[in-house]
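Read through the structure below, which is laid out as structure tokens, and then see the notes.
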Amino acid sequence: MEFKIDYLSELPQNKDVKIGCIGAGFIMADCHLVAYRQAGLNPVAISSRSVDTAKEVAARHKIDTVYATYQELLADQSIEVVDIAVPPDIQLAVVEEAVKHADHIRGILAQKPLGVNYAQAQRIVRLCEEAGITLVVNQNMRYDHSIRGAKSLLDQGAFGQPVTATIDMRAIPHWMPWQQKQGWVTLRIMSIHHLDTFRYWLGDPDRVMASIRSDPRTDKQFAHTDGICMYILEYDNGPRASAWDDVWAGPANEGAAADNRIQWRLEGTTGMARGTIGWPSYPERTPSTLDYTTIELGDRWIKPRWDEVWFPDAFIGPMSELLISLETGTAPQMSGQENLGTMALVDACYLSAKEHRSVSLMEIIESHSG
């Protein structure tokens, strides 16, 4: 039996909602706005710390209005949805200003990580809930086509009961300058995608065990705690998930041959899937892949393929989810409240690595309750 693979984002009926964009860096200029224009959405205004950068991005993407500050953009009564793409240590301040304009701002798309830690994320979620603003978090790997396809197969029962899930990353990211101030790199920036993917596939784990070390390459640039990261997620109902996030990936930048890739594998009692993530080849358009097999299929792999890629095509997913939520009144799957589980899991990884022990999600959540 072959299954129908649901790998594409659903699009909103109303594409005319006016979107205000805060931030004009790579994610906004090369991912969000490219995806929005492809889908026919309506970004109408932009602001950035650099007005010149904002003007350049506005001209590139045919955005009519450039504001000198995000405060001015948020005060624009015509804007209904705000797309916030700023460093995590600035997000809370932007949201604090945005909720003052709940008379016309109905929705916010915020970047991951949602603030610098679970406590800030919790504050952002509470602010939006109190203001009646719908918050979606841009955990965009959930909309990578192979990850979404695997979730579709899981939901159809293709694999029976999940047994194991693994992600193996050997790739060299480009770290942002603002990370030097934070003193961290991988867990909150790259691993957060994989941790969120495991939650998307399998739900919340009961505990996590993490081991981290610094990245020799990044050591030469700035001090940091989490370069190369390994972690195991335990589920009391059976499954185990693990990832190896190797951002060193050998001395390829120093002259050796490169072997960069991201591979994943998902096994169940009646079937399994394997896949690759095309992102390490960016800006070359390399679609992610998905292969699956089941007991019914026998000694045969089904290998659906598509032309869409994670960067930038999948970035239509989170914004579409927000717009659909606003037009239907239904709760978004990637709500701020839901994302608190991912932020708690990231904090649990840091604590586990620091204290060399397993840490439950409830330990993080209960430490911030009340």
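Quick note: the coordinates plus some simple rules give every number you see, no bench work behind them. Keep in mind that this is a model prediction, so the values were computed, not measured. We place every Cβ from the backbone using ideal geometry, glycine too, and count neighbours over all the protein chains shown.
Some observations on this one:
- Shape annotation for segment 123-251: C-alpha extents along the principal axes are 47, 42, 28 Å, from largest to smallest.
- Electrostatic tally near VAL116: other residues with Cβ closer than 15 Å to its Cβ, Lys and Arg +1, Asp and Glu -1, net 0.
- Based on the reciprocal of the average 1/r between different C-alpha atoms, the Kirkwood radius for the chain equals 21.2 Å.
- Angle between the chain longest axis and helix 51-61 axis [Cα atoms, degrees, rounded to 10]: 70 degrees
- Alpha-carbon centroids, segment 124-170 and segment 298-344: separation in whole Å: 6 Å
- Here HIS356 and ASN14 are evaluated by their C-beta separation; at R0 = 56 Å the FRET efficiency comes out at 0.60.
- Rounded to 10°, Cα long-axis angle of helix 145-155 versus longest principal axis of the chain: 60 degrees
- Ordering of 91-101, 359-369 by packing is 91-101, 359-369, highest average first (other Cβ atoms within 10 Å, averaged per residue).
- Of LYS151/LYS303; LYS55/LYS181; LYS4/LYS303; LYS100/LYS181, pairs whose Cα-Cα distance is over 19 Å: LYS55/LYS181; LYS100/LYS181
- FRET efficiency, ASP52 to GLU254 (Cβ-Cβ, R0 56 Å, nearest 0.05): 0.95
- Cα gyration tensor, segment 45-177 - rounded (a/c under 1.5), prolate or oblate: prolate
- The chain: most fluctuating residue of GLU72, GLU129, GLU321 per GNM, C-alpha cutoff 10 Å: GLU72
- Ranking GLN77, GLY255, ASN42 by Cα position along the charge dipole of the chain, where only Lys, Arg, Asp and Glu carry charges on their C-beta atoms, puts GLY255 farthest toward the positive end.
- Each part reduced to its alpha carbon centroid, segment 209-282 and segment 188-207 end up 13 Å apart.
- Nearest-20 debye value, segment 192-257 charge dipole, Cβ charges on Lys, Arg, Asp, Glu: 120 debye
- Among GLY20, GLY329, GLY341, the largest mean-square fluctuation in a Gaussian network model of the chain, built with springs joining Cα atoms closer than 10 Å, belongs to GLY329.
- Tilt relative to the chain, helix 88-98 - C-alpha long axis, 0 to 90 degrees, to 10: 40 degrees
- For the chain, built as a Gaussian network whose Cα springs stay under 10 Å, the top-fluctuating residue of GLN111, GLN263, GLN38: GLN38
- Under 20 Å of direct C-alpha separation, and excluding same-chain neighbours fewer than eight residues apart, LYS220 reaches these aspartates and glutamates: ASP245, ASP246, GLU254.
- Computed magnitude of the charge dipole of segment 148-298 (debye, nearest 20; Cβ of K, R +1, Cβ of D, E -1): 340 debye
- Treating each Cα of segment 261-370 as one equal point scatterer and applying the Debye formula with no solvent, the log10 of I(q)/I(0) at q = 0.12, 0.22 Å⁻¹ comes out as -0.76, -1.06.
- Leading residue at positive end of dipole, the chain (Cβ point charges), from TYR231, HIS193, PRO287: PRO287
- Summing charges over all other residues whose Cβ lies under 11 Å from the Cβ of THR197, with Lys and Arg as +1 and Asp and Glu as -1, gives +2.
- Assigned charges on the beta-carbon of Lys, Arg, Asp, Glu; the chain dipole about Cα centre (debye): 540 debye
- Segment ASN237-GLU2, extension gain: residue separation times 0.36 nm, minus the distance between their alpha carbons: 81.8 nm
- Whole-angstrom Cα spans of segment 1-67 along principal axes, big to small: 55, 24, 16
- The chain: relative contact order as a whole-number percent, Cα under 8 Å and 6+ apart: 20 percent
- Rounded if a/c under 1.5, otherwise prolate or oblate - segment 39-79, Cα gyration tensor axes: oblate
- A simple count of charges around ILE365, restricted to other residues whose Cβ falls under 11 Å of its Cβ and scoring Lys, Arg +1 and Asp, Glu -1, yields -4.
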